[in-house]
Amino acid sequence: MNARDPAQRRTASLQAADAAHFLHPFTDFKALAQKGVRVIERGDNIYLWDSEGQRLLDAMSGLWCVNLGYGQQALVDAATHQLQTLPFYNAFFQTATVPAIELAQVLAQVTPPPFQHVFFSGSGSEGNDTVVRMVRRYWSVLGQPQRQVIIGRTNGYHGSTVAGASLGGMAGMHAQGGLPIPGIEHIEQPYWWLHGRPHGLSPDAFGLQAAGWLEKRILALGPENVAAFIGEPVQGAGGVIVPPATYWPEVQRICQKYGVLLVSDEVICGFGRTGQWFGCETLGYQPDLMTFAKGVTSGYIPLGGVMVADRVARVLIDQGGEFNHGYTYSGHPVACAVALANIALLQELKVVEHVRNDVGPYLAQCFAALQDHPLVGDTQSLGLMAALLLVKDKNRGTPFGDDVDIGMACRQHCFSNGLIMRAVGDRMIIAPPLVITRAQIDEMMALIRRCLDLTLADAQRSGWLN
Ligand SMILES: Cc1ncc(COP(=O)(O)O)c(C=O)c1O
């Protein structure tokens, strides 16, 4: 550090305070305290600036959420107006606020037709807690209280509360705190490259096989005991794993056959990410419940919830009596006001169409072209989410061993070169703001190529390719 540089001095003092007091999510506290946190100070459009003035192209939309990009004044104005008018009132005691009612109505319009009702939460994890409570309540109102089991998937992510982490299938999360809770089961993920390709299956054949694992598990548990199946349309935190086209329609058929509720966790895929308003529309299935969060407000303020299809809502409304569940911030008026402004802007700027017809197909083309790079064994993309797989030997499809953290090496180069890209094991993933332009995609791809070349040089120098 240059002790006379005021920006560096300020960063050092923020880092010291951070290390002394701030326990970060999903972080090795000790390692971060030793390294020093990177402080992000400002954002505009798809760019961020850190406390030392370095500009970063944010190819992860914050955390899959800043879909309209940074600096949208309409969202700031909506929050300011609502804070001045009524900063808070709850929805518990037969009361509601104007933005919460209006947002419920707008959500019924932008979601597929069976969804006419919403239950608000403060986040995606809380939304999935609501899913657990709601599907079990639904079956008990229908006189089938033994239908308790919810089936999720290995390497799925549904949040970090006790219920969310249980529904998810992240081994590292289950290992801490005695998870999953009883009544949650997992089947293998529909990851063709890992589970289908080595057995010579085509993606379509593998998609049917992977959906068949659901049927096997339902039969093993007894269909009369299974309440619901939950999955992300495209696994996000698991590494942007786009399932084969055959997967979801077959999952839907199986759920219908056994009367199992189908839950689509749209926390990442919702609000345009895949080129339709919701991921289930892109992937061709009709869920009974949909969890949402993140993109509903472009991450400007926390808000989540569960859309409830009529099949479920009518039972809860007509026969359910009181549902003993809710959060202080269910339908927070400021969050709902920001969501209304966010959805209005998505519509006005035709952002979903921009993803579907323009930048989504362009990104797919650019990512497919990366397959010429010696380190890239596979690429996948859908709408504005994409992944590339780093491999040791692309001809044989040999992965790097556990002793080499190739993803982290690549990620370090990205940060140093002004690009925020995430590493999930050996998969490098992106989900840029939906307002990104073709020219900005070109800029992003040039950075990605530069970082891949630097990572390749590391690998050659360190003997990781031998
Ligand atoms: C699919 C999915 N569900 C749920 C969550 C949890 O949302 P939150 O972090 O808002 O609780 C996430 C977060 O990334 C997610 O990707």
Residue satisfying all of: in segment 97-124; in contact (Cβ under 8 Å) with a residue 12 or more places away in the chain and farther than 18 Å from Tyr329 by Cα; farthest from the ligand (Cβ to nearest atom) among these: Gln116
Test: Leu75 is away from the ligand (no atom under 16 Å from the Cβ), within 30 Å of Ser381 (Cα to Cα) and surrounded by 17 or more Cβ atoms within 10 Å (Cβ to Cβ): yes
Options Met445, Met428; residue that is closer than 23 Å to Ile46 by Cα, touching a Leu at 6+ places or on another chain (Cβ under 6 Å) and not in a loop (DSSP other than H, G, I, E, B): Met428
The one condition in (1) touching a residue at least 24 places away in the same chain (Cβ under 8 Å); (2) touching a Ser or Thr at 6+ places or on another chain (Cβ under 6 Å); (3) under 18 Å from Gly279 (Cα atoms) that Ser298 fails to fulfil: (2)
Strands (runs of 3 or more DSSP E) contained entirely in segment 1-92, each with at least 1 residues that are among the β-branched types (Val, Ile, Thr): 40-44
Meets criteria (surrounded by fewer than 23 Cβ atoms within 10 Å (Cβ to Cβ) and either at pLDDT 95 or above or in contact with a Phe, Trp or Tyr (Cβ under 7 Å, 6 or more places away or on another chain) (or both)) for Phe323: yes
Segment 307-357: number of residues that are part of a loop (DSSP other than H, G, I, E, B) and of a type in the set (A, V, I, L, M): 1
Sole residue being assigned to a loop (DSSP other than H, G, I, E, B), among the small types (Gly, Ala, Ser) and within 16 Å of the ligand (Cβ to nearest atom), chosen from Gly156, Gly172: Gly156
Per-region count, segment 209-251, residues within 16 Å of the ligand (Cβ to nearest atom), under 23 Å from Asp378 (Cβ atoms) and outside any helix (DSSP H, G or I): 13
Qualifying residue in segment 291-305 (condition: over 17 Å from Gly122 (Cβ atoms), within 12 Å of the ligand (Cβ to nearest atom) and either of a type in the set (S, T, N, Q) or not in a loop (DSSP other than H, G, I, E, B) (or both)): no
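The values are calculated or read from the model by the stated rules, or taken from the named source; none is laboratory data. Not measured: the values here are computed from a predicted model. Every residue, glycine among them, receives a Cβ derived from its backbone with ideal geometry; neighbour counts consider all protein chains shown.
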